[in-house]
Amino acid sequence: MAAILNKQARIRLSGDRALLVEYGDGIDPIINEKVRAMTALLKKDLPNGVEAVVPAYRSFAILYDPLTTQPSSLTEILHVLEADFCEADVEEPKIVSIPVCYGANFGPDIDVVAEHTGLKEDEIIALHSGVDYPIYMIGGIAGGFCGLGGLDHRLWTPRRKTPRTKLPAGSVGLAQSQTGMYPVESPGGWQIIGRTPLRLFAPERKSPFLYEVGDRIRFVPISEDEFGRLFEKEWS
């Protein structure tokens, strides 16, 4: 954990209303913890003129009103936060359990993953559900899509050569070294191995998504009957 104290930020303009603050290169859990901690510190006492702070894998964006504040002022604030940063600023992650029905009608690509990896279906399910995955970012592929880290290398599988034009909400898939969930119906090129009956996105809720950056996702295998009961409860 102490290593994150040495990660120095690269700060640059992104358009005329945002600063991009970057740490390191590539996907790294230590770097992401620094991103989470700095994001939390900024949100705790939001600087004047800052409209939002949006974290990603190794960076975060500060969206601001250029009529109220300037990049130089925000950079000074960031330098102060960097100087005062300590390990205590990193909050303990929340575990979010996501029930998933794997294979059959809910995971049409699980056979593709099995052929590519040489694993049996029950081995794929055990490996995929045996890890708590950190949420590195939310967004990108579809609104609310969360990029998860920590996928067992034995499950690494290339994306589909031809993306599907429509995937049902709750689809759970693999692509290269990552896994993730589609919160809404959308196109997608990931290998789909299962589906959750939960409403991952519900705009009428106080918190529309069931998770946020920094949480950890725990996939829990369920039967088709359990899927049906939960689906009816969630979507009726």
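The values are calculated or read from the model by the stated rules, or taken from the named source; none is laboratory data. Since the structure is predicted, the reported quantities are computational estimates derived from the model, not experimental observations. With ideal geometry, Cβ positions are generated from the backbone for all residues, glycine too; neighbour counts draw on all protein chains shown. Quick note on the areas: whole protein, heavy atoms, side chains included, nothing else; ligands and nucleic acids left out. Shrake-Rupley method; radii C 1.70, N 1.55, O 1.52, S 1.80 Å.
Longest segment of the chain with no GluC sites (Glu not before Pro) in a DSSP loop having at most 15 other Cβ atoms within 10 Å?
Working: sites that count: Glu91, Glu185, Glu204, Glu212.
Value returned for the longest uninterrupted segment is 92-184.
Computed extension length for Leu127-Ser14: 36.8 nm, one decimal, from 0.36 nm per residue of separation with the Cα-Cα distance subtracted. Remark: the Cα gyration tensor places the stretch 106-229 in the rounded category, a/c being less than 1.5. The residues of the chain present an accessible area of 51 Å² per residue when probed at 1.4 Å with all protein chains retained.
Once you mark the trypsin sites (Lys or Arg not before Pro) that are in a DSSP loop and have at most 10 other Cβ atoms within 10 Å, what is the longest gap between them in the chain? Present the calculation step by step, with values, prior to reporting the outcome.
Numbers: sites that count: Lys120, Lys161, Arg205, Lys206.
It works out to 1-119.
For the chain, the longest principal axis of the alpha carbon atoms and the long axis of helix 224-235 meet at an angle near 50°.
Rounded, prolate or oblate: which one fits the stretch 8-71, using the alpha carbon gyration tensor with axes a ≥ b ≥ c (rounded when a/c is under 1.5, else prolate when a/b beats b/c, else oblate)? Oblate shape, in that a/c is at least 1.5 and b/c is the bigger or equal ratio. Taking Tyr57, Tyr211 and ordering them by how much accessible surface each has at a 1.4 Å probe, largest first, produces Tyr57, Tyr211.
Tell me, what is the FRET efficiency for Gln176 and Leu67 to the nearest 0.05, using R0 = 35 angstrom and their Cβ-Cβ distance as r? Kindly include the intermediate steps, with their values, before the conclusion.
On the way: r = 42 Å, r/R0 = 1.21.
FRET efficiency, Gln176 to Leu67: 0.25.
With all protein chains in place and a 1.4 Å probe, the accessible surface of the stretch 128-236 carries 52 percent carbon and sulfur. With a simple spin-label model that places each label point 7 Å from the Cα along the Cα-to-Cβ direction, the separation between Asp152 and Val80 comes to 4.8 nm. Length gained on full extension, Arg218 to Ser236, computed as 0.36 nm times the residue gap minus the Cα-Cα distance: 4.0 nm. Of Trp235, Trp190, the residue with the largest accessible area leads and the full order is Trp235, Trp190 (1.4 Å probe).
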